[in-house]
Amino acid sequence: MSEARYLFPSDYMADPAPHVFGGKLYIYPSHDRESGIPERDNGDHFDMVDYHVLRMDSMSQETAADCGLALRISDIPWAKRQLWDSDVAEKDGKYYLYFSAKDKGDVFRLGVAVSDKPEGPFIPDPEPIPGSYSIDPCAFKDDDGSVYLAFGGLWGGQLQRYRDNVAVYRAAEDRLPVNNRAALEPLASEPALCPKIVRLDASLHTFAESPRDLVILDENGKALLAGDHDRRFFEASWIHKCDGIYHFTWSTGDTHYICEATSDSIYGPYTYRRRLLEPQVGWTTHHGICEFEGKWWLFHHDSAPSGGRTWLRSLKVKPL
Ligand code: FUB
């Protein structure tokens with residue numbers, strides 16, 4: 001793969017979700033900022049308060065254009081803090097922004113906000129999506145028009161609290177030291193926690209079913225184990241489809257890789273294939289993949305321009 005280049009040097013943006021709408025490439029990033037909050041495993045230092053949407057009319061453009069403010073946390077009635085990763089799906093000329101934020105009880109939920117334009121501004125629903133939890137929604141629209149969300153993230157993203165969509169370890173987590181969230185992952189010899197996948201109903205405002213496990217198998221057809229830190233899911237779900245095959249890609253978190261698995265069914269099981277991206281400067285590795293102008297592109301971020309401050313990240317892109 002050739003070298004990545006920075007896409008938006010004038011501000012700190014991360015977690016890129018790229019999509020082509022009306023022949024232009026839109027990027028839905030998190031908008032990093034300096035909050036002064038100390039760095040710790042529950043992710044408090046990622047304290048973002050708004051979203052901007054970026055646009056590329058062509059990949060030959062040197063930098064992405066800022067389409068302006070798309071949504072502020074103060075306009076979301078249910079949200080208290082931490083606007084994390086987001087993604088967008090289009091249906092019938094409307095654009096649905098799915099985002100993660102902590103509610104008034106400090107629990108991560110997924111929200112939806114709607115606009116008539118890909119760049120927003122987006123109007124949020126007054127409540128989070130019923131039954132939603134954790135972080136990092138990836139919105140995938142299949143060929144038949146059905147829209148799915150893949151989501152979930154460990155530690156700061158709180159997925160380790162949940163089993164079968166229920167927060168069984170909420171109280172246990174509150175009793176743990178803040179830098180020991182990993183204690184609620186399954187034992188190393190047990191199957192790893194899975195990302196979740198759910199189909200949205202026709203309104204695109206609610207789940208049509210209970211979220212299911214998106215299972216990732218190893219080369220022997222066995223579910224990846226929790227101790228397999230170089231491959232097990234941590235956060236940053238992304239789905240793209242190429243030649244009828246679904247590609248699920250994700251971050252391994254504490255080992256900082258982006259990995260890829262494939263399936264012939266949206267729900268999986270997916271089979272582990274390869275590593276797509278090596279660790280970058282900064283703790284988080286998070287990406288999005290999109291076809292534009294006849295090529296596939298890998299968007300991601302690193303913290304090199306901020307001197308390694310892991311909560312101040314800069315967008316990058318390279319051809320796949
Ligand atoms: O941007 C905040 C969080 O950092 C994201 O939700 C995670 O995927 C990680 O990139």
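Some points to look at:
Yes/no matrix, rows are residues, columns are (1) without any contact (Cβ under 8 Å) to a residue 24 or more places away in the chain; (2) under 30 Å from R309 (Cα atoms):
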residue	(1), (2)
Y169	yes, no
A192	no, yes
E219	no, no
C242	no, no
F248	no, yes
D254	no, yes
E278	yes, yes
V281	no, yes
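- Residues in region 95-104 that are open to solvent by 10 Å² or more (accessible area, probe 1.4 Å) and either in contact with a Leu (Cβ under 8 Å, 6 or more places away or on another chain) or under 19 Å from H287 (Cβ atoms) (or both): Y96 alone.
- Within region 240-257, tally of residues that are farther than 14 Å from L277 by Cβ and within 16 Å of the ligand (Cβ to nearest atom): 2
- Qualifying residue in region 152-170 (condition: surrounded by fewer than 20 Cβ atoms within 10 Å (Cβ to Cβ) and under 23 Å from L54 (Cβ atoms)): no
- Looking only at region 296-316, residues that are in a loop (DSSP other than H, G, I, E, B), polar (S, T, N, Q) and either within 17 Å of the chain's Cα centre (by Cα) or closer than 28 Å to P211 by Cα (or both) come to 1 in all.
- For region 119-139, the set of residues classified as in contact with a Lys or Arg (Cβ under 8 Å, 6 or more places away or on another chain) and open to solvent by 10 Å² or more (accessible area, probe 1.4 Å) consists of E119, P128, listed by residue number.
- Residue check for S30: touching a residue at least 40 places away in the same chain (Cβ under 8 Å) and among the small types (G, A, S): yes
- Verdict on F8 being more than 12 Å from the ligand (Cβ to nearest atom), within 23 Å of P137 (Cβ to Cβ) and in contact (Cβ under 8 Å) with a residue 60 or more places away in the chain: yes
- Residue within region 222-231 that is within 16 Å of the ligand (Cβ to nearest atom) and under 28 Å from I37 (Cβ atoms) present: no
- Residues located in region 77-92, provided they are surrounded by 21 or more Cβ atoms within 10 Å (Cβ to Cβ) and within 16 Å of the ligand (Cβ to nearest atom): A79, Q82, L83, W84, D85, S86, D87, V88
- When region 10-49 is filtered for residues that are β-branched (V, I, T) and touching a helix residue (DSSP H, G or I) at 6+ places or on another chain (Cβ under 7 Å), only V49 remains.
- Some residue of region 29-49 being farther than 24 Å from V281 by Cα and in contact with a strand residue (DSSP E or B) (Cβ under 6 Å, 6 or more places away or on another chain): no
- Hits in region 80-105 (condition: in contact with a strand residue (DSSP E or B) (Cβ under 7 Å, 6 or more places away or on another chain) and acidic (D, E)): D85, D87, E90, D103
- In region 15-71, residue nearest to the ligand (Cβ to nearest atom) [restricted to those that are open to solvent by less than 60 Å² (accessible area, probe 1.4 Å), within 17 Å of G156 (Cβ to Cβ) and of a type in the set (D, E, K, R)]: D15
The values are calculated or read from the model by the stated rules, or taken from the named source; none is laboratory data. Note that the coordinates shown come from a computational prediction; the quantities given were computed from them, not determined experimentally. When we count neighbours, we look across all protein chains shown, and the Cβ atoms used for this are built from the backbone with ideal geometry, even at glycine. Only protein heavy atoms, including side chains, enter the accessible area calculation; ligands, DNA and RNA are left aside. Shrake-Rupley method; radii C 1.70, N 1.55, O 1.52, S 1.80 Å.
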